[in-house]
Amino acid sequence: MRVLGIETSCDETAVAVVDDGEKVLASLIAGQAALHGRFGGVVPELASRAHLETINPLLDAALAEAQTDLHELDGVAVTVGPGLVGALLVGMATAKAVALALDLPFIGVNHLEGHIYANVLEHGHPDHPYVAFIVSGGHTMLVHVPEEHRYELLGQTLARFVGLPFPGGPEIDRLAQRGNPAAIAFPRALAGSGDFDFSLSGLKTAVVRHVRAERDAGREVDLADLAASFQEAVVDVQVDKTMGAAEERKVSTVLLAGGVVANTRLRERMAEAAEANGLALRYPSPELCTDNAAMIACAGFFRLAKGERTSLEVGADAGLPLA
Ligand code: ZN
């Protein structure tokens, strides 16, 4: 089954053609980071317009790279949420047009499920049950997956951490590699509390306080040490909560998904902890961690293969929940 995948939930326009949810014939991504960088974050109106300008040429290019004709497609999968409504609509209108014109099975995909299926695309299906740690678009969550397509939310971010340089993650990762993770003792909200939510508000306050204290003392803030210590505090909590959730749910596999799991330190620390706890750990290669349409085509394929279809009347849902 040859599935066309389209993803426009945030600031990447992406089109892919994937056979049977495993063989990627084409996966093209047109990023907009340069467009939004000077505004310090994604500007929804600019994102929608850029998607609109890019989507048709990108679709043509993906079909050409896959050496396939629209008539050789067997299904269409598109991200319907969560994300920016105006951005989602561009991909959805394109996908619906293709499905309608060629009378193809159509499936709406949850972006977060797409991130999970980046793993499936690369490594095949994990054994169920497993615990998935997902970080996407500023949201962090822990999900228990007892069987395919069943998701149970265990915990999530309580406060969004703002004020990082756009796009944030890679910048911190790069800076932190030159810094000392033990330079500054930032607070950790660990799993002892018995919940699996991620609250970073205490950490945020501590970072601001540290920067002020250094400046007041006339000292230069060591950005590498700050990034490394901040990252270590975040990763400590993420690893601790993920391992706690795996233990509580008695699973033997932990899966990482989403753009932030491309972070070097997070991968290292999760790998150490998984090994110490006798857990199998899975994560996609960095190229598949970030937003792409191959993961959407893969997730869509497994729902289409079960006979699931989405009505062409479906709307974009900015806050579409996974569970
Ligand atoms: Zn994402």
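Annotations
- Breaking point among (1) within 16 Å of the ligand (Cβ to nearest atom); (2) modelled with pLDDT under 90, for Ala257: (2)
- Residue count for segment 273-283, restricted to those that are part of a helix (DSSP H, G or I) and either within 19 Å of His128 (Cβ to Cβ) or open to solvent by 60 Å² or more (accessible area, probe 1.4 Å) (or both): 3.
- Total residues in segment 247-263, condition under 18 Å from Ala118 (Cα atoms) and open to solvent by 60 Å² or more (accessible area, probe 1.4 Å): 1
- Identity of the residue in segment 127-140, within 16 Å of the ligand (Cβ to nearest atom) and outside any loop (DSSP other than H, G, I, E, B), that ends up farthest from Val234 (Cα to Cα): Ala132
- Residue in segment 302-321 that is assigned to a loop (DSSP other than H, G, I, E, B), at pLDDT below 90 and in contact with a helix residue (DSSP H, G or I) (Cβ under 7 Å, 6 or more places away or on another chain) present: no
- Of all residues in segment 141-158, those that are closer than 17 Å to Asp127 by Cβ and either of a type in the set (Gly, Ala, Ser) or part of a strand (DSSP E or B) (or both) total 8.
- Pairs where the first residue, in segment 5-16, is at pLDDT 95 or above and the second is open to solvent by 10 Å² or more (accessible area, probe 1.4 Å) and assigned to a strand (DSSP E or B), C-beta under 6 Å, 6+ apart: Thr13/Ala30; Ala14/Ile29; Val15/Leu28; Ala16/Ser27
- Single residue of segment 3-48 satisfying the filter (touching a Gly at 6+ places or on another chain (Cβ under 9 Å) and assigned to a helix (DSSP H, G or I)) that is surrounded by the most Cβ atoms within 10 Å (Cβ to Cβ): Ala47
- Across segment 264-272, a minimum of one residue is classified as within 17 Å of Ala132 (Cβ to Cβ), within 16 Å of the ligand (Cβ to nearest atom) and either among the acidic types (Asp, Glu) or out of contact with any Gly (no Cβ under 7 Å at 6 or more places or on another chain) (or both).
- Residue satisfying all of: in segment 91-111; open to solvent by less than 10 Å² (accessible area, probe 1.4 Å) and among the hydrophobic types (A, V, I, L, M, F, W, C); farthest from the ligand (Cβ to nearest atom) among these: Ala99
- Among the residues listed as Ala294, Ala280, the single one being within 16 Å of the ligand (Cβ to nearest atom), modelled with pLDDT of 95 or more, under 21 Å from the mean Cα position of the chain (by Cα) and hydrophobic (A, V, I, L, M, F, W, C): Ala294
- Contact annotation: residue pairs with Cβ atoms under 8 Å, 6 or more positions apart or on different chains, pairing a residue in segment 93-116 that is closer than 19 Å to Ile134 by Cβ with a partner that is among the β-branched types (Val, Ile, Thr) and in a helix (DSSP H, G or I), are Val109/Ile296; His111/Ile296; Gly114/Ile296.
- The lone exception for Thr79 - which of (1) more than 15 Å from the ligand (Cβ to nearest atom); (2) open to solvent by less than 40 Å² (accessible area, probe 1.4 Å) it fails: (1)
- Of residues in segment 138-159 being within 16 Å of Leu200 (Cβ to Cβ) and within 15 Å of the chain's Cα centre (by Cα), the one modelled with the lowest pLDDT: Gly138
The values are calculated or read from the model by the stated rules, or taken from the named source; none is laboratory data. For clarity, every value in this text was computed on a predicted model and none was experimentally measured. Here the Cβ is made from the backbone with ideal geometry for all residues, glycine too, and neighbour counts use every protein chain on show. We work out accessible area using only protein heavy atoms, side chains counted, and drop any ligands, DNA or RNA first. Shrake-Rupley method; radii C 1.70, N 1.55, O 1.52, S 1.80 Å.
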